[in-house]
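Asker: Take a look at this one; I'll ask things after.
The values are calculated or read from the model by the stated rules, or taken from the named source; none is laboratory data. Since the model is a prediction, treat every value here as computed from it, not as a measurement. All Cβ positions, even for glycine, are placed from backbone atoms using ideal geometry, and neighbour counts span all protein chains on display. Remember, those area values only see protein heavy atoms, side chains included, never the ligands or the DNA or RNA. Shrake-Rupley method; radii C 1.70, N 1.55, O 1.52, S 1.80 Å.
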Amino acid sequence: MKSKTILGSLTALLVAAATPLAAAAPTTDKLSQMFIWWNQAFKQPGAYTPENFGRYFTADATLTLNGETVIHGLDDWAKHFQAIQASGALVEIVVPFKDAFEKDGRLYTYHVIRSRRNGKVGCMLAAGHADLRGDKIAAITLVRVPVDTTKPSVDPECWTS
């Protein structure tokens, strides 16, 4: 029950915070640096390898989306994103993030994920955190909420066409 409450609170935060912030977060943190690489690698078939993910992640790193762990370990990171890359979709994590800060080895973030699939645009607001172990990411936990790109109040970082 506690995780549902946390997810509900984070979802409400995402919806309430859909307006742009005054200034974007810096890109010097480990998660921003990984997503800068990730965006470039998405455009290069074969770039998503366990070895390349290992530059940023621990060997046992996880990805949890909306309460469900979908990735565990470097092989899963590579396979998961190779499949998305091969689907013909275009996905981009907007960096710099809308907001990011680090406290006690945990990096908190609020950012936009935009995509094009089958001729349609998509956009999500994401909030959550990355747990750091040493100089690598050990886990990413995000709550993502789709944005209706047909409404006039859509976040300016979303693709609308």
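Asker: For segment 52-70, check the following and say yes or no: at least one residue is aromatic (Phe, Trp, Tyr) and under 29 Å from THR160 (Cα atoms).
Answerer: No, the conditions are met nowhere in segment 52-70.
Asker: Could you say whether any residue in segment 4-24 is surrounded by 11 or more Cβ atoms within 10 Å (Cβ to Cβ), modelled with pLDDT of 70 or more, in a loop (DSSP other than H, G, I, E, B) and more than 16 Å from the chain's Cα centre (by Cα)?
Answerer: Looking through segment 4-24, none of the residues is surrounded by 11 or more Cβ atoms within 10 Å (Cβ to Cβ), modelled with pLDDT of 70 or more, in a loop (DSSP other than H, G, I, E, B) and more than 16 Å from the chain's Cα centre (by Cα).
Asker: Among the residues of segment 99-117, how many are more than 22 Å from ALA138 (Cα to Cα) and open to solvent by less than 70 Å² (accessible area, probe 1.4 Å)?
Answerer: So the count comes out to 2.
Asker: Among what's in segment 29-40 and is of a type outside the set (S, T, N, Q) and surrounded by 18 or more Cβ atoms within 10 Å (Cβ to Cβ), pick the residue that is farthest from the chain's Cα centre (by Cα).
Answerer: Checked segment 29-40; the qualifying residue farthest from the chain's Cα centre (by Cα) is ASP29.
Asker: Here are VAL143, VAL94: which of them is in contact (Cβ under 8 Å) with a residue 40 or more places away in the chain, surrounded by 17 or more Cβ atoms within 10 Å (Cβ to Cβ), in contact with a Gly (Cβ under 7 Å, 6 or more places away or on another chain) and at negative phi?
Answerer: VAL143
Asker: Could you check, for segment 50-59, whether at least one of its residues is out of contact with any Leu (no Cβ under 7 Å at 6 or more places or on another chain), open to solvent by less than 40 Å² (accessible area, probe 1.4 Å) and modelled with pLDDT of 90 or more?
Answerer: Yes, there is a match, as at least one residue in segment 50-59 is out of contact with any Leu (no Cβ under 7 Å at 6 or more places or on another chain), open to solvent by less than 40 Å² (accessible area, probe 1.4 Å) and modelled with pLDDT of 90 or more.
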